[in-house]
Amino acid sequence: MSQSVIDLEAYKNTYEQLKQAVQGLTDEQLKRKEAPGKWSVTEVLSHLADHSLIFSFRIRKLISETNVQLPGFQQDLWVSESKANEGSASDYLSLFQALVTFNTLLFGRLSAEDWNKSGLNFKGEPVTAAESLAAFTKHVQTHLAQIERIKQTLQ
């Protein structure tokens, strides 16, 4: 197995960070919203599972195709229309973990040239595979902070 030219530790740690963030929360607490119109912890986890699916697809497009147009998605509609709060936080975490594991195997095989391949994001801005990885990892950190805010409302 080749050694990745990109540091994958922050990405690989996202699952453990999410798991620790929700540890000890009851199902009721996981499903409680911090305010009307806001997401619950379960919905945040559902969104991150959805985003991980999209991220996985985007990375594969970036490294495999030319003239890549990366798709966006309607995150609020995906959460609401999938009735995410009726789902299981542990199921969402399991999917997230599986995708992190699967993607990490791919990422370990990528060359510096692969990481520099680029396409246009949904805003029409150029983005490389490496930038996409960094953005995804940062996005998870944003939602970890959101989970902490929600937990504060549970006190």
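The values are calculated or read from the model by the stated rules, or taken from the named source; none is laboratory data. Note that the structure is predicted; figures quoted are calculated from it, not measured. Cβ: placed from backbone, ideal geometry, glycine included. Neighbour counts: every protein chain shown. These area figures cover heavy atoms from the full protein model, side chains too; ligands, DNA and RNA do not enter into them. Shrake-Rupley method; radii C 1.70, N 1.55, O 1.52, S 1.80 Å.
The table below lists the values:
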item	result
Surface per residue (accessible, 1.4 Å probe) for region 1-123, Å²	56 Å²
P(r) weight above 19 Å for region 31-106, C-alpha pairs, percent	42 percent
Shape category assigned to region 80-155 from the gyration tensor of Cα positions, a/c cut at 1.5	prolate
Tilt relative to the chain, helix 129-153 - C-alpha long axis, 0 to 90 degrees, to 10	10 degrees
Tensor-based shape of region 71-113 (alpha-carbon gyration tensor, a/c under 1.5 rounded, otherwise prolate or oblate)	oblate
Karplus (6.51, -1.76, 1.60) ³J(HN,Hα), θ = phi - 60°, over region 106-118, in Hz, Gly and Pro reported as x	4, 4, x, 9, 7, 8, 4, 4, 4, 5, 8, 5, 9
Neighbour count of at most 14 Cβ within 10 Å plus DSSP loop: longest chymotrypsin sites (Phe, Trp or Tyr not before Pro)-free window in the chain	1-72
Trypsin sites (Lys or Arg not before Pro) restricted to DSSP loop in region 76-118 with at most 15 other C-beta within 10 Å	LYS83, ARG109
Which labelled figure in (i) 0.95; (ii) 1.13; (iii) 1.09 is Cα Rg over 2.2 N^0.38 Å, once derived from the coordinates	(iii)
Selected from SER64, SER52, SER40 as most flexible by GNM, with the chain as the system and alpha-carbon contacts under 10 Å	SER64
